Every structure is written in C-alpha cells, then in structure tokens.
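Working notes for the structure below.
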Amino acid sequence: MRSKITVIGAGFVGSTLVQRLAERDYADVVMFDIVPNMPQGKALDMLQAGPVLGYDSLVVGTNDYADTANSDIVAITSGFPRKPGMTRDDLVKKNQEIVSEVTRQVVKYSPNCIIIMVTNPLDAMAQLALHISGFPRHRIVGMAGVLDTARFRTFIAQELGVSVRDVQAYVLGGHGDTMVPLARMCTVAGVPISQLMPAERIEQIVQRTRDGGAEIVKLLGTGSAYFAPSASVLQMVDSILLDKKMIMPCTVYLQGEYGIHNLFVGVPTKLGAQGVEQIVEIELNADEKALLQKSADAVQELVHVMGI
C-alpha cells in the first residue's frame, strides 16, 4: 500500500512541497487549505502534470481534514508569512492559534503520524505542537537546520567557486537571528574553510546566513522563501519515508542533550522510519556552547509568550 503524506497549507511553501513530493512518486499526497476550492485547483493541475513527468502519485486537494486521515507524515506549513521588517518572533501570537487548531485536527485524524513543523517561528510552533498533540518527542520534528545549513553551504560554495556538494556544514540553534552556523566544523572536500578564506570573510558569511530569510523577504517585497524551504522538507521526508537514517540538523525536543532541557532547538539528528531516531551530540567549544544557549534562551522566550 502506498504511503500517505498530508501537507497542511497550500500557499507557496505547501504547494511547492506537494509538487516535489508528487514527483518523488513514492506516496499519495493530500493538500489541505481553508480557502475554498484553491487546494483542489492546484492539486488537479499537479495531477495533470503526472503523464508528462511520469509520476502516478495521487494528489488530492481538500478543505476537509477527514481527507487527511491515516497519513504517515503531516507537514504543517499553514500560517501568516513574514513581511518586510517583521522578525520571526513577531509571528508567534499570530500563528499560535492556527497551529493549535491544525495540530488538534491532525491528531484526531492521523494519531500515528510524524509531524514536520514548517510554520514560523518554527521552534516555538514545534513546542506548541508537542504540547497540544501529546505525541512522543520522536514524532515531532521541525524543519530549520536543513534550510539554514543549505544557505550556509550555498554562500560558501559561491565564495570559493566550488560545488555545493563538496561543502559540509552545520547550523544549530533556533531558526532565527540567534542561529549558530558552526564555521569551525565547516569543510570543503574535507578541508576546513579556515584554510580557504580569511576569518573576517567567514564571519560575514555567517552573518549573511543568519539573515538569509530576511534577505529574501526584502528582495521579494511580499512573501518569503519557498523553493529552498520546500526542498528542505523534502529531504526530511525522504529520510523518514525511505528509512535512510540521514543525519541532518533539525529542530527537536531536547531533554538534557547539549545541556538544554524540555525545549525544541536545532541540533544534528538522525531521521528514519520512526522519526527522530537519534540526537547526535557533537563536542562544542565554550564559545559555541554559549551561542547555542543564547539561541535556546531566545526560543524559551517565545514559548513563554505563548504561555505553554
């Protein structure tokens, strides 16, 4: 029997993700949105691309949560997008109500699913979903580090004129201005970037990575990034659905790992069929630990704002 994936929210991130999933041809996909007829129209359009691109995935658009029943994976993308000048933190109250209702419906119809949180501010929304769902921590994971790391790798590859495939890196911490790109551990074909570019240039790239989402928001004028975010969710779905056990930075619920307790923060994570199968603890120096704690404190402030 084919796997079933639901994407909540048929905006730019959600609909782009659905198209990418359909092209994988390993699952049937349901796209939910509250806007009448909109997800149905987009789904029909994608379905008709199947004969051209060669996929048999069934793509269904709906305004009824009942159609999402028994999903293996649910990606939550619905919510208010960030606008120019708005930080991810500004979004917390706006999106708390939406994510709360979505999570309740997801639990009702797919009680055994794995939830991938995409809605911003992502770490706080993942914490909210855990609080409302009552799911074990291994079945809720946030997409943040994969995207932030992709941006970091892109900027390094552009700077050095090398393939992005040769750039290995990690970005830890919350998905916001306090994220922690681990420049010390970044390598290009195994060579530390400290041997390939001056420290001041590395720091500039680190800062550009932190501002990566805001840079795109500013350029677009309206809306925010969706090509790279949807690709990042796709990589996570691949690892879970195909049990690849890939290690990638994800937002997960820490219970003492990295000295952080009862909070969603981005760290290296092994994703497999069970969801979060291992939290990988890498040795950080004192400065990196301090930055990660600062990032965790920023997430904690948002969680406090939500009152959970």
*Quick check: anything in segment 271-280 surrounded by fewer than 19 Cβ atoms within 10 Å (Cβ to Cβ) and assigned to a helix (DSSP H, G or I)?*
no
*Cβ-Cβ below 6 Å, separation at least six or inter-chain, first residue in segment 24-42 and in a strand (DSSP E or B), second open to solvent by 60 Å² or more (accessible area, probe 1.4 Å) and among the acidic types (Asp, Glu): which pairs?*
Val30/Asp67
*Can you spot a residue in segment 242-249 that is more than 25 Å from Phe80 (Cα to Cα), more than 19 Å from the chain's Cα centre (by Cα) and exposed (fewer than 14 other Cβ atoms within 10 Å of the Cβ)?*
no
*Taking segment 137-174, which residues are outside any helix (DSSP H, G or I) and closer than 21 Å to Val102 by Cα?*
Ile140, Val141, Gly142, Met143, Ala144
*Please work out which residue is surrounded by the most Cβ atoms within 10 Å (Cβ to Cβ), limiting yourself to segment 88-117 and to residues that are touching a strand residue (DSSP E or B) at 6+ places or on another chain (Cβ under 6 Å) and closer than 20 Å to Asn262 by Cα.*
Met117
*asked:* Could you tell me how many of the residues in segment 148-167 are under 14 Å from the mean Cα position of the chain (by Cα) and either surrounded by fewer than 24 Cβ atoms within 10 Å (Cβ to Cβ) or within 25 Å of Met306 (Cα to Cα) (or both)?
replied: 2
_Going residue by residue through segment 170-177, is there one that turns out to be under 19 Å from Ala228 (Cα atoms), open to solvent by 40 Å² or more (accessible area, probe 1.4 Å) and either of a type in the set (Val, Ile, Thr) or touching a helix residue (DSSP H, G or I) at 6+ places or on another chain (Cβ under 7 Å) (or both)?_
yes
*In segment 175-215, which residues are part of a helix (DSSP H, G or I) and acidic (Asp, Glu)?*
Glu200, Glu203, Glu215
_Could you go through segment 216-234 and let me know if any residue there is under 19 Å from Thr178 (Cβ atoms), in a strand (DSSP E or B) and of a type in the set (A, V, I, L, M)._
no
*asked:* Need the failing condition index for Gly275 against (1) free of Cβ contacts under 8 Å to residues at least 12 places away in the same chain; (2) farther than 21 Å from Ile156 by Cα, just the number.
replied: (1)
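The values are calculated or read from the model by the stated rules, or taken from the named source; none is laboratory data. Every value quoted in this text rests on a predicted model; they were computed, and no experiment measured them. Here the Cβ is made from the backbone with ideal geometry for all residues, glycine too, and neighbour counts use every protein chain on show. SASA here: full protein model, heavy atoms, side chains in, ligands and nucleic acids out. Shrake-Rupley method; radii C 1.70, N 1.55, O 1.52, S 1.80 Å.
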